[in-house]
There are 2 protein chains.
Amino acid sequence: MSFSLEAFLPYRLTRLAEAVSLHVRPVYKEAFGLNRPEWRVLAALADLGEATATEIGRHSTQHKTKVSRAIHALEQRRWLVRRTDPSDRRHEILRLTEPGKRGFAALIAPMRVRETAIFEKLSLEERRALDVALSGLERAMDMDGAREDF
Amino acid sequence: MSFSLEAFLPYRLTRLAEAVSLHVRPVYKEAFGLNRPEWRVLAALADLGEATATEIGRHSTQHKTKVSRAIHALEQRRWLVRRTDPSDRRHEILRLTEPGKRGFAALIAPMRVRETAIFEKLSLEERRALDVALSGLERAMDMDGAREDF
DNA sequence: CTTTGACAGTTGATTTTGTAACTATCAAGA
DNA sequence: TCTTGATAGTTACAAAATCAACTGTCAAAG
């Protein structure tokens, strides 16, 4: 009949995700004025090279409205350009501009620094356990393969 | 120069937290019309017995505005009552009503079922790793001791 | 051709969240 | 007493997320 919130998996995960996200946010927020969807679209597009909004959404696990607005903001900033796919004019093919690539390159180093700062507080065993645990959960939640939107 | 979003800790955690939260949400959402802050306040208050809004916020790691609104909603529902602490009239001491306790009791079983469904998809090693990893991260992010707000 | 259903992406409306200011109360001290 | 600064909690406003509807395009069926 008793229940402990602190031991409850969804609670523990949400709270850790918030703390960790908050810990890295200043890098893209304070220094570049980006929000999280924009940062994620940037990272996804840097990784994919060229991609449509749908592909970016799948690759960064974000709903298409978030992706659409993030793309618009990055376009205003001249960090990406779009062109219509001539073979299917519904698709907008996106690509980072040089300033976009430079912006992204300037972000990843400090992002990694903050991530590493967390890892360094973990023991070697904990670090190993972390990867095992996250990989297992990703499989358990069916996040290995492609994800539609959400 | 390369960067992989899928391997980035904040991204992995946020995405897992969302998936896991989504997996348990129907229990309090569909069946009882509660939202997450309300569910958390309920669980915190059930655990604490009697508490102030501030204590609930600390115990459930939520900002005081979320707590305030959740308390208001649960009060409307007659699941909790408040009385002013006579020794310090700034404090509102909160307590679950009998319907509130019954509601909470009805929630925890199906919540646990959903949590267990996730654990069952993990190997024994992964389950152990999960607890080691989360505990380590909680310590790394200073979430062991008391948390102020948020 | 024209209709139908599906898909890509955008936009507007609603709801939720976060930030900051505010009210009320208290304790400590001038 | 009368400030002063702190704390508990609420509320107003702004920012963000969610949901639903919409536009334009396509391929396939008739």
_When residues of the stretch B:120-130 are limited to those that are hydrophobic (A, V, I, L, M, F, W, C) and facing another protein chain (nearest Cβ under 8 Å), the one surrounded by the fewest Cβ atoms within 10 Å (Cβ to Cβ)_ = B:Leu122
*B:Val27 versus (1) touching a residue at least 12 places away in the same chain (Cβ under 8 Å); (2) more than 12 Å from the chain's Cα centre (by Cα); (3) within 12 Å of DNA strand C (Cβ to nearest atom): which is the lone unmet condition?*
(3)
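Is there a residue being at the interface with another protein chain (Cβ under 9 Å from one of its Cβ atoms) and of a type in the set (Gly, Ala, Ser) anywhere in the stretch B:82-105?
To start, the set of residues in the stretch B:82-105 that are at the interface with another protein chain (Cβ under 9 Å from one of its Cβ atoms) comprises B:104-105.
Now drop any that are not of a type in the set (Gly, Ala, Ser), which leaves B:105.
Scanning the stretch B:82-105 turns up at least one residue that is at the interface with another protein chain (Cβ under 9 Å from one of its Cβ atoms) and of a type in the set (Gly, Ala, Ser).
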*With (1) within 14 Å of DNA strand C (Cβ to nearest atom); (2) more than 12 Å from chain B (Cβ to nearest Cβ) as the list, and A:Arg77 as the residue in question, which single condition is left unmet?*
(1)
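Determine whether the stretch A:41-57 contains at least one residue that is in a strand (DSSP E or B), touching a helix residue (DSSP H, G or I) at 6+ places or on another chain (Cβ under 8 Å) and over 30 Å from B:Arg36 (Cα atoms).
Taking the stretch A:41-57 first, the residues in a strand (DSSP E or B) are A:50-51.
Those still in the list that are touching a helix residue (DSSP H, G or I) at 6+ places or on another chain (Cβ under 8 Å) too: A:51.
With over 30 Å from B:Arg36 (Cα atoms) added as a condition, the list becomes A:51.
Looking through the stretch A:41-57, at least one residue is in a strand (DSSP E or B), touching a helix residue (DSSP H, G or I) at 6+ places or on another chain (Cβ under 8 Å) and over 30 Å from B:Arg36 (Cα atoms).
Being within 26 Å of B:Arg25 (Cβ to Cβ) and out of contact with any helix residue (DSSP H, G or I) (no Cβ under 8 Å at 6 or more places or on another chain) narrows it down to one of A:Thr84, A:Thr65, so name that one. Spell out how you get there, then give the answer.
Numbers: A:Thr84 fails: within 26 Å of B:Arg25 (Cβ to Cβ).
Result: A:Thr65 is the single residue among A:Thr84, A:Thr65 that is within 26 Å of B:Arg25 (Cβ to Cβ) and out of contact with any helix residue (DSSP H, G or I) (no Cβ under 8 Å at 6 or more places or on another chain).
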*asked:* For B:Phe32, only one of the following conditions fails: (1) more than 9 Å from chain A (Cβ to nearest Cβ); (2) in a helix (DSSP H, G or I); (3) surrounded by 15 or more Cβ atoms within 10 Å (Cβ to Cβ); (4) over 14 Å from the mean Cα position of the chain (by Cα). What is its number?
replied: (2)
*Can you tell me which residues in the stretch A:109-118 are free of Cβ contacts under 8 Å to residues at least 12 places away in the same chain and surrounded by 14 or more Cβ atoms within 10 Å (Cβ to Cβ)?*
A:Arg112
*Answer residue from the stretch B:71-102, given it is touching an Asp or Glu at 6+ places or on another chain (Cβ under 7 Å) and part of a helix (DSSP H, G or I) and is surrounded by the most Cβ atoms within 10 Å (Cβ to Cβ) among those*: B:Leu74
_Single condition A:Thr61 does not satisfy, out of (1) of a type in the set (Val, Ile, Thr); (2) away from chain B (no Cβ under 11 Å); (3) touching a residue at least 40 places away in the same chain (Cβ under 8 Å)_ = (2)
*Restricted to the stretch B:53-70, and to residues that are surrounded by fewer than 21 Cβ atoms within 10 Å (Cβ to Cβ) and more than 13 Å from DNA strand C (Cβ to nearest atom), which residue is farthest from B:Arg82 (Cα to Cα)?*
B:Arg58
*Test: residue in the stretch A:7-20 that is more than 7 Å from chain B (Cβ to nearest Cβ), acidic (Asp, Glu) and assigned to a loop (DSSP other than H, G, I, E, B)*: no
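Read the figures in this text as sums done on the coordinates, not as results from a lab. Keep in mind that what you see is a predicted model, and the values were worked out from it rather than measured. Cβ atoms come from the backbone with ideal geometry, glycine included; neighbour counts cover every protein chain shown.
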